[in-house]
Amino acid sequence: MSETLEVLLDRGRIEGRVRELAKMISEDYQGRVPLMVGILKGAVIFLSDLARALDIPVALDFMAVSSYGQSSETSGVVRILKDLDENIEGRDVIVVEDIVDTGLTLRYLCDALKARNPASLRVCVLLDKPSRRLVEVDVHYRGFEIPDAFVVGYGLDYQERYRSLPHVGRLKL
């Protein structure tokens with residue numbers, strides 16, 4: 001398999017934007033302890049950097065979902081592979097996701113979490129591809145808007161490869 005990678009967002013740009021997002025979240029949640037829900041596996045690096053950059057205490061939990069399988073295209077079918085360990089009723093919840101593309105996965109997740117009666121539910125995404133959106137989703141904190149390209153790095157993968165790259169790149173298959 002021949003693949004090439006073009007860097008779209010370098011390490012410095014990502015680090016700077018993560019600090020800006022952390023500042024916004026810290027200001028919005030001053031005096032509260034939100035629960036940040038990282039969506040495995042792609043958001044784990046972003047969530048880790050974001051949590052360390054916050055000026056407020058946070059709790060962390062994780063969910064794992066699948067909508068891609070081994071493909072580079074979403075199947076549109078969302079499966080919860082790992083659910084939360086924490087009860088979110090009455091809590092401030094921030095879903096931390098690596099990327100929002102069609103919006104199908106994120107909307108499914110948000111609908112499922114809203115049914116559990118959190119005090120508030122917001123979404124923080126590193127990457128947003130609005131040109132691919134099939135359903136509306138409410139993103140409160142957005143790292144970068146990117147073009148319609150398959151991207152990897154900084155937690156995002158293709159067949160479990162490229163997650164550990166310190167940058168985000170366009171993968172050409």
field: Among L104, L126, L134, residue whose mean-square fluctuation peaks in a GNM of the chain (springs only between Cα atoms under 10 Å)
entry: L134
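Divide, for the chain, the radius of gyration over alpha carbons by 2.2 N^0.38 Å, where N is the residue count. Numbers along the way, then the final one.
On the way: Rg = 15.4 Å, N = 173, 2.2 N^0.38 = 15.6 Å.
That ratio works out to 0.99.
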- prompt: Who wins for biggest fluctuation among V78, V37, V95 in a Gaussian network model of the chain, springs between alpha carbons below 10 Å?
  reply: V78
message: Just the number please: accessible area per residue for segment 130-173, 1.4 Å probe, all protein chains included, in Å².
response: 51 Å²
statement: Relative contact order as a percentage, the chain, C-alpha pairs under 8 Å and 6+ apart, gives 26 percent
query: Leaving out ligands, DNA and RNA, what percent of the accessible area of the chain is carbon and sulfur, probe 1.4 Å?
result: 47 percent
query: Given a cut-off of under 8 Å on Cα pairs at least six residues apart, what relative contact order in percent is computed for segment 103-152?
result: 39 percent
statement: Reported to the nearest 10 Å², R163 has, with a 1.4 Å probe, an accessible area equal to 50 Å²
- prompt: About the Cα centre of the chain, what is the dipole size in debye to 20, counting +1 per Lys and Arg Cβ and -1 per Asp and Glu Cβ, all else neutral?
  reply: 140 debye
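The values are calculated or read from the model by the stated rules, or taken from the named source; none is laboratory data. Keep in mind the model is a prediction, meaning the values are calculated, not measured. Here the Cβ is made from the backbone with ideal geometry for all residues, glycine too, and neighbour counts use every protein chain on show. Note: accessible area is taken over every heavy atom of the protein model, side chains too, but ligands, DNA and RNA are not part of it. Shrake-Rupley method; radii C 1.70, N 1.55, O 1.52, S 1.80 Å.
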